[in-house]
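Since the structure comes first, as structure tokens, the remarks are kept for the end.
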Amino acid sequence: EFHLDKFDEFGRKMTPKEAFRELCHRFHGIEPGKAKKEKRLKAYQDEVKAKKTREGDTPLGSIDKMKHVQKIQASPYV
């Protein structure tokens, strides 16, 4: 069994639709528009930000802060 995987400029695995679009763009000598490029960049940045955020925490890190306060005060509530 053989799998041919294509990767985008960010190193992510491309879906078959994305791979086909890239192939067509290269074949015809055109590029996606500015808005599409910005949209892909924003999606990648959001994905990276989501990976940086720990699984059980909020984006502001409020859960970690509350746990720290509980530990300092030695009380089960804030």
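In the stretch 1-74, what trypsin sites (Lys or Arg not before Pro) fall in a loop by DSSP, with at most 10 other Cβ atoms inside 10 Å? All intermediate terms of the calculation are to be shown ahead of the outcome.
Values: sites: K6, R12, K13, K17, R21, R26, K34, K36, K37, K39, R40, K42, K49, K51, K52, R54, K65, K67, K71; in loops: K6, R12, R54.
Answer in residue order: R54.
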- Message: If neighbour count is taken as other Cβ atoms inside 10 Å, put L23, L4 in order from fewest to most.
- Response: L4, L23
- Message: Against the 2.2 N^0.38 Å scaling, with N counting residues, where does the chain land? I'd like the Cα-based Rg ratio to two decimal places.
- Response: 1.83
- Task: Lys and Arg at +1, Asp and Glu at -1: add these up for the other residues within a Cβ distance under 15 Å of K6 and post the number.
- Result: +1
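Using a 10 angstrom Cβ neighbour count of at most 15 plus a DSSP loop assignment to flag exposed GluC sites (Glu not before Pro), which longest range of the chain is free of such sites?
Counting only loop sites that pass the neighbour cut-off, the longest clear stretch is 10-54.
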- Note on the structure: The answer for K6, listing residues at least 5 apart or on another chain whose modeled amide H is closer than 5 Å to its amide H, is M14
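Each value in this text was obtained by applying a stated rule to the coordinates, not by laboratory testing. This structure is a prediction, so every number in the text was calculated from the model and none was measured. So basically every Cβ, Gly included, is an ideal-geometry build from the backbone, and we count neighbours across all protein chains shown.
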